[in-house]
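In what follows, a single structure is set out as C-alpha cells and then discussed.
Since every read-out is calculated from the coordinates, none of them should be taken as a lab result. What you see is a predicted model, and the numbers here were worked out from it, not measured in a lab. A quick note on method: Cβ atoms are made from the backbone with ideal geometry, for glycine too, and the neighbour counts reach across all protein chains shown.
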C-alpha cells in the first residue's frame, strides 16, 4: 500500500512552511516578551493546519478511500513538527527564554497520542481489505 | 395519501435501497461485455438497465480506482476520439472469478424454475 501519496506530500510541504513560520514567530514574540501575540499566532497556526489537513485529507480520500488516511497525516505531522522544533534549537534559532525541554515534553505527550492512534489504526485494519474498509468497497 | 401514491412511495423507497449495491454488478457486467472507457461504461449501464440505473462519471472513476487498487479491474490506455488518450478498463482474472462466483451465489437462483414462475406469475 502506498503510504506517501501525492496529497500527503503536498500537505507536508504546506505544513513544513507553516511550521517554520510558526516557530519563527513564536521565538520572535517570546524573545520580545509579547506573550499576547504568542496566543494569537498559536491559534492561527492551529486553524491553518486544520484547513490544510482538511483540504488534502479530503482530496486523498476522494482519490482512494484508504482507512489509514487519518493516521498517516497525523504521523507525518508529528514527525515534521518535532524534527523542525529540534532543528530549530540545534541551529540556535530559538529565543533565550525557550528551553528544548518543552520540545521533548511535547514530543512525549503527543507520542502517547500517536500510540493510541496507532492502536485504533491496527484495530480498524481487521475490517479492511488492502487498506479499504469492507463497508466502503461495494457501497 | 391515496393508494397509488402510497404504492409509488413504497416502491421508490424499496428501489432506492435495492439499487444502492447494484452499481458494482452493472460495472462488472459492462466490463464482461468487453473493454470500455468510463463514458462507455456509463452508457452501457444506463441503456441496459432501461435508464433505471444512472451514475455520474466522477463516481464511476472513483469506484474504478478502488477496484483497480483491489486488483479486480485494470486498464490500458488507448487512443481517444481526436482527444487525449483514454483509459480502457477491463476485468482481471480475479475480477472475472469474483463476478462468476457472485452470479452463481446470488443471481442464478432467480433462474430456478420455481422462483422464475413466482416472478412471472400474476396474483
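A few points about this structure:
- Candidates B:44, B:102, filtered to the one that is under 13 Å from the mean Cα position of the chain (by Cα), surrounded by 12 or more Cβ atoms within 10 Å (Cβ to Cβ), within 14 Å of chain A (Cβ to nearest Cβ) and farther than 22 Å from residue A:65 by Cα: B:102
- Condition check for residue A:96 on (1) assigned to a helix (DSSP H, G or I); (2) more than 14 Å from chain B (Cβ to nearest Cβ): one failure, at (1).
- All conditions but one from (1) away from chain A (no Cβ under 14 Å); (2) surrounded by 14 or more Cβ atoms within 10 Å (Cβ to Cβ); (3) more than 16 Å from residue A:139 (Cβ to Cβ) apply to residue B:53; the one that does not is (3).
- Residue in the range A:30-42 that is under 30 Å from residue B:59 (Cα atoms), out of contact with any helix residue (DSSP H, G or I) (no Cβ under 7 Å at 6 or more places or on another chain) and either part of a helix (DSSP H, G or I) or free of Cβ contacts under 8 Å to residues at least 12 places away in the same chain (or both) present: no
- Answer residue from the range A:110-129, given it is loosely packed, with under 15 Cβ neighbours inside 10 Å and in contact with a strand residue (DSSP E or B) (Cβ under 9 Å, 6 or more places away or on another chain) and is nearest to residue B:27 (Cα to Cα) among those: A:127
- Residue check, residue A:104 closer than 23 Å to residue A:4 by Cα, more than 14 Å from chain B (Cβ to nearest Cβ) and either free of Cβ contacts under 8 Å to residues at least 60 places away in the same chain or not in a helix (DSSP H, G or I) (or both): no
- Residues of the range B:66-90 classified as surrounded by fewer than 16 Cβ atoms within 10 Å (Cβ to Cβ) and within 14 Å of chain A (Cβ to nearest Cβ), total: 1
- Members of the range A:122-139 found to be in a loop (DSSP other than H, G, I, E, B), facing chain B (nearest Cβ under 7 Å) and in contact (Cβ under 8 Å) with a residue 40 or more places away in the chain, listed by number: A:130
- Residues in the range A:36-91 that are within 24 Å of residue B:70 (Cβ to Cβ) and surrounded by fewer than 14 Cβ atoms within 10 Å (Cβ to Cβ) were compared, and the one that is farthest from the other protein chains (Cβ to nearest Cβ) is A:58.
- Checked against the criterion of being assigned to a helix (DSSP H, G or I) and touching a residue at least 24 places away in the same chain (Cβ under 8 Å), the candidates B:110, B:44, B:90, B:67 yield just one match: B:67.
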